[in-house]
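Reading through the structure tokens given below for one structure.
Just so it is clear, none of the values below were taken in a lab; they were calculated from the coordinates. Keep in mind that what you see is a predicted model, and the values were worked out from it rather than measured. We place every Cβ from the backbone using ideal geometry, glycine too, and count neighbours over all the protein chains shown.
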Amino acid sequence: MSVVTVSALAKRYGAATIFQDISFSLKSGEFVTLLGPSGCGKSTLLRCISGLTGIDHGSISVDGGDITHTPPQNRGIGMVFQSYALFPNMTAAQNIAFGLKMQKLKATEIAERVAEVVKLVELGGREQQYPHQLSGGQRQRVALARALVVQPRILLLDEPLSALDARIRKSLREQIRDIQQRLGLTTIFVTHDQEEALTLSDRIFVMDHGKVVQEGTAETVYTEPETEFVARFMGSYNLLDPGQGKALLGVEAKGHIAIRPESIQLLNHPQDGSLPGVIRRRQLLGNIIRYQVESAGISLLVDRLNRSADDLLADGSAVQVLISRDSLREVR
Amino acid sequence: MRADLYHRCVVAGLMILLGLPVAATLLYSLATQWGATILPDGLTPAWYVQLWQDARFLSAFVHSLEVCIGTLLIGTLFIVPAAFVVFYRFPGLAKLMNLLILVPFAVPPVVSSVGLLQLYADGPVTLVGTPWILVGCYFTVALPFMYRALANTLGAMNLHDLMDAAHLLGASTMRAFLMVVLPNLKKSLMASLFLSFSFLLGEFVFANMLVGTRYETLQVYLYNVRQTSGHFTSAVVLSYFAFTLALTWLAARLGKSDRGAS
């Protein structure tokens, strides 16, 4: 249960700034996600926190103690890598026990703790298998167990699910969240997948070009994007430029207007404030149907729950589009 | 079906072409006498018995083993850490290393022997005529085989993540190298050692020019006894061939299990 404080952190490689002026604090037991596109500096920031990569400026402290210049092995940090980084010459159990061996614990204690963590990550029966004999999901569980068994103060997860298929990714992320909550482990998770970030995190830091552009709970970041970048990155927001906003909604705005696709209603009959529109295309996304609707020459995405086949609107259908004023959000 | 027969004929022809000299040498090494007849007059193991009782042959064989094993020990001691450092700390040097390992093949042994003779024939470091100059030369010959095999494995093993993971779990760089990297290099290292060994055991030019009879190796011995008896030299050749064949088979087996493990 640790409190992590990162202050004015900066990292450069030659002339290129990877990130600068990064400051944030994590509460004890909090699950925080660094979310951003590839190359935004999130993985480097994670490596800097772990001590594997040096920083150019700033400080990092855990529980009030400065660890800025502490070697990685003494920071009390557990890390799970995107590539798993399992030792190919060791069995799953030997991989998990590696950190405990480095701490020179007794063999009986090592065996006990390995058995505990194997149970925790549900890897029973796979202990004596080598990494190449395990599936992607099992390998990632070994990596997670190896990071957890040393009882780290902070757990760092560097895109741990990105190499897995969708089904395993979903079940493993639920398991990660469950284990994190059970252990009350302060965790920093790095991902470029906004769905992962939204489902897992207590708080999300959205990063772009080496800066944190928005910070908040999953709900806040999703429903109240502050910038055009966040609105685009977090989902399929409709973004209207000031001219389009004026033409479609009669709203004066300096920046773009962001409208969530699920906040727009499609009606069969005109209503007060509704606009005529035509269905141009529809996409079935499982429980959601996403319509591309054209209204006043502007293309809008509208999400509706997929209740039944009778509700489906055909391409070319005339509809009424109702956009509530409350759902409009002006972004920078 | 016809194409299949054609392919079988080509392969069989090739095997006969390659196998016939070996079979003939084997037969000659076992022949009592083989002159104007199609087949030898009789068969005898006498040439092998004579060879394996010859103190000069045994001494040459031991010399060859000493030089080869010494070279490969020194090679392992220098090349394994060098390859690791290049891949882990100075990846920019990989290109330079790839060029360097070509140099031993770029300069013919006869040419480099002349240079080495001039350098080491007399002071300050007199090495000509001693096994040490052969160990030095053979090191450069083994370098490309060993470095290339290690580089392939290091390049494929996600070295940085493995080292980072080991560091975070409390291992020093040396410990991480010994416990994580080295065991994963073992198979490619062993395969390259066996290949280099077979190659070095058959080396003649450096051995003859730099050391000659002062530290007679197997190939120099074979050259020097070539006039004694054809049957006897055939027995030498076959003994050497059997030994290197066994080593090559071992190297191939190790290489195969290396691929299987990954």
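Given in Å, the Rg to one decimal and the Dmax to the nearest whole number for the Cα atoms of region A:1-115 are 16.5, 52. Under a cut-off of 19 Å between alpha-carbon atoms, report the lysines in cross-link reach of A:Lys246, not counting same-chain residues fewer than 8 places apart. Counting by Cα, and skipping residues close in sequence, A:Lys246 has these lysines nearby: A:Lys254. Rg/Rh, computed from the Cα trace of region B:1-116 with Rh as the Kirkwood radius, has the value 1.18.
Label positions at B:Leu14 and A:Glu252, each projected 7 Å from the Cα along the C-beta direction, are separated by 8.5 nm. Charged side chains reduced to their Cβ positions (Lys and Arg at +1, Asp and Glu at -1) give region A:4-232 a dipole of some 880 debye around its Cα centre.
So if we plug the beta-carbon distance of B:Ser172 and B:Ala121 into 1/(1 + (r/R0)^6) with R0 = 60 Å, what FRET efficiency do we get, rounded to 0.05?
Numbers: r = 46 Å, r/R0 = 0.76.
It comes out at approximately 0.85.
Listing A:Thr91, B:Thr71 from fewest to most neighbouring C-beta atoms within 10 Å gives A:Thr91, B:Thr71. A DSSP coil position with no more than 13 other Cβ atoms inside 10 Å describes the following trypsin sites (Lys or Arg not before Pro) in region A:102-186: A:Lys104, A:Lys106.
Could you check which residue among B:Pro104, B:Pro124, B:Pro183 shows the biggest mean-square fluctuation in a GNM of chain B with a 10 Å Cα cutoff? Highest fluctuation among the options: B:Pro124. When the helices of chain A are scored as -39500 (n - 2.57) per DSSP H run of n ≥ 4 and the total is divided over every residue, the value at 222 nm lands at -8500 deg cm²/dmol.
Round to the nearest 10 and give me the degree value, 0 to 90, for the angle of helix B:159-168's Cα axis relative to the longest principal axis of chain B. Once rounded, one gets 50 degrees.
For A:Leu267, put the label point 7 Å out on the Cα→Cβ axis and report which residues of region A:291-332 keep their amide N under 15 Å from it. The answer is A:319-326.
Too long at a 27 Å Cα-Cα cut-off: which of A:Lys11/B:Lys186; A:Lys42/B:Lys187; A:Lys27/A:Lys211; A:Lys106/B:Lys187? With Cα atoms farther than 27 Å apart: A:Lys11/B:Lys186; A:Lys42/B:Lys187; A:Lys106/B:Lys187. Of A:Thr199, A:Thr186, A:Thr108, the residue with the greatest mean-square motion in the GNM of chain A, using alpha carbon springs below 10 Å, is A:Thr108. When all alpha carbon pairs of the protein assembly as shown are counted in 10 Å bins from zero, the resulting P(r) reads 3, 12, 16, 16, 14, 13, 10, 7, 5, 3, 1, 0 %.
Listed from fewest to most Cβ neighbours within 10 Å, the set A:Glu196, A:Glu127, A:Glu294 follows the order A:Glu294, A:Glu127, A:Glu196.
When DSSP beta bridges are restricted to pairs lying wholly in the protein assembly as shown, around 75% turn out antiparallel.
First obtain the Kirkwood hydrodynamic radius of region A:205-331 from its Cα pairs, then insert it into the Stokes-Einstein equation at 25 °C and 0.890 mPa s, and state the resulting D in µm² per second as a whole number. For these conditions, the coefficient is 159 µm²/s.
Here's the picture: a label point sits 7 Å out from the Cα of B:Arg214 along the beta-carbon direction, and within region B:94-128 the residues with their amide nitrogen under 13 Å of it are B:117-123, B:125-128. Comparing mean-square fluctuations of A:Ala197, A:Ala111, A:Ala143 from a GNM of chain A with C-alpha springs under 10 Å, the top value falls on A:Ala111. Charge dipole (Cα centre; +1 on Lys/Arg Cβ, -1 on Asp/Glu Cβ; no other charges) of the protein assembly as shown amounts to roughly 900 debye.
Annotation: the residues A:Tyr130, B:Tyr221, sorted from fewest to most other C-beta atoms within 10 Å of their own C-beta, follow the order A:Tyr130, B:Tyr221. Computed over the alpha-carbon atoms, chain A gives an Rg to Rh ratio of 1.07, Rh here being the Kirkwood radius from the mean inverse distance. For chain B, the Cβ-based charge dipole about the Cα centre amounts to some 560 debye (Lys, Arg positive; Asp, Glu negative; other atoms uncharged).
Its alpha carbons considered, chain B gives a radius of gyration followed by a Dmax of 22.8, 76 Å.
Using only helices, what value at 222 nm comes out for chain B when you add -39,500 (n - 2.57) per DSSP H run of length 4 or more and divide by the total residues, to the nearest 500 deg cm²/dmol?
After summing the helix terms and dividing by residue count, I get -24500 deg cm²/dmol.
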